[in-house]
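Below: one structure, written as structure tokens.
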Amino acid sequence: MRTIKHILVAVDLMEDSSFVAKYAKLFAERLNATITVVYATPPLSQYFGLYLPQDTISKFHEDSEKGAIRELAKFVESNFAGADVVQRLANGHPQDVILGIAKESNADLIIMGTHSRRGVDRIMFGSVASHVVKLADIPVLTVRPEK
Amino acid sequence: MPSIKNILVPVDVMEDNGFFVEYAKMMAEKHEAKVTLLYARPPLDRFYDVYLTDDVVEKLKADSKQRAIDELDKLAENQLQNTDVSIKLRRGQPQDLILEMTETGDYDMVIMGTHCRKGMERVLFGSVANRVVKHSNTPVLTIHPAECKG
């Protein structure tokens with residue numbers, strides 16, 4: 001019989017991720033599993049083309065990371081109050097971060113949203129779930145945001 | 001809080017289903033949910049080019065239907081013991097049927113396997129799970145067979 005003891009929950013704090021949290025809570029409860037919530041912040045390379053001094057970029061990165069840590073803590077507090085949850089923030093492409101931390105934390109299930117962003121973002125982000133589904137060697141539960 | 005009471009499990013009687021059906025069994029048990037096994041039978045038009053009389057084609061259809069039912073019964077019996085299982089046979093393209101059935105609101109989750117084919121076949125076939133993941137309004141649990149990990 002298969003067992004699932006640890007669940008990786010990938011969230012995107014730039015979008016409403018509470019629907020992902022709801023399913024994560026349900027599954028953790030039913031399976032008696034622990035949770036790691038992962039938020040991937042965008043890679044810095046996207047600023048390389050800008051003419052900014054290095055220290056401005058570093059400062060920017062530091063501020064943005066502090067903000068992300070705060071946002072993640074807030075998200076976990078309001079969505080997972082009282083649950084056994086580890087928080088992880090990592091910088092990089094979401095699919096690499098999600099797959100990497102899944103392996104590292106010995107997760108046996110990934111839960112993530114299929115976000116309905118618009119335009120280029122949609123093309124870029126929609127593919128995160130597709131990539132993870134394609135490349136993960138553990139089961140992946142994809143959840144669509146409520147309308 | 002969402003709840004999972006009805007799980008749709010598309011299977012292909014021509015392929016190995018064991019690796020994801022065992023997850024379906026576990027999920028059904030943990031969520032106290034019912035399982036519906038769905039088999040999408042290939043569209044009939046592949047027989048149209050063959051010079052066969054109508055009664056031969058009819059016989060072929062009936063035989064293949066009965067065999068599919070037998071396979072589904074066997075699957076339910078061998079791998080979904082103590083689970084509330086029902087069986088559905090539909091004719092059509094798997095992704096269309098799966099998406100159609102999730103739109104009825106009768107199911108709270110889809111559990112499906114992927115195939116580890118290579119090259120062009122992989123590009124073509126892997127797309128069933130991919131398309132369902134992309135378009136389904138219902139949560140989808142996707143599972144890869146063990147032999148194509150890594």
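The values are calculated or read from the model by the stated rules, or taken from the named source; none is laboratory data. Computed from a predicted model, the values in this text were never measured in an experiment. Counting neighbours? That spans all protein chains shown, and the Cβs are built from the backbone with ideal geometry, glycine included. Note: accessible area is taken over every heavy atom of the protein model, side chains too, but ligands, DNA and RNA are not part of it. Shrake-Rupley method; radii C 1.70, N 1.55, O 1.52, S 1.80 Å.
Checking B:Tyr107 against (1) more than 10 Å from chain A (Cβ to nearest Cβ); (2) at pLDDT below 85; (3) under 15 Å from the mean Cα position of the chain (by Cα): exactly one of these is not met. Which one?
For B:Tyr107, the failing item is (2).
Conditions: (1) modelled with pLDDT of 90 or more; (2) crowded, with 18+ Cβ neighbours inside 10 Å. B:Ala129 meets all but one. Number of the miss?
(1)
This table checks each residue for (1) open to solvent by 20 Å² or more (accessible area, probe 1.4 Å); (2) of a type outside the set (S, T, N, Q); (3) under 16 Å from the mean Cα position of the chain (by Cα).
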residue: A:Asp12; (1), (2), (3): no, yes, yes
residue: A:Phe19; (1), (2), (3): no, yes, yes
residue: A:Leu31; (1), (2), (3): no, yes, no
residue: A:Thr36; (1), (2), (3): no, no, yes
residue: A:Tyr39; (1), (2), (3): no, yes, yes
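Going through the stretch B:1-38 one residue at a time, which ones are part of a loop (DSSP other than H, G, I, E, B), touching a residue at least 40 places away in the same chain (Cβ under 8 Å) and open to solvent by 20 Å² or more (accessible area, probe 1.4 Å)? Show your work before the answer.
Of the residues in the stretch B:1-38, the ones part of a loop (DSSP other than H, G, I, E, B) are B:1-5, B:12-17, B:32-33.
Those still in the list that are touching a residue at least 40 places away in the same chain (Cβ under 8 Å) too: B:2-5, B:12-13, B:15-17, B:33.
Within the stretch B:1-38, B:Pro2, B:Ser3, B:Lys5, B:Asp12, B:Val13, B:Glu15, B:Asp16 qualify.
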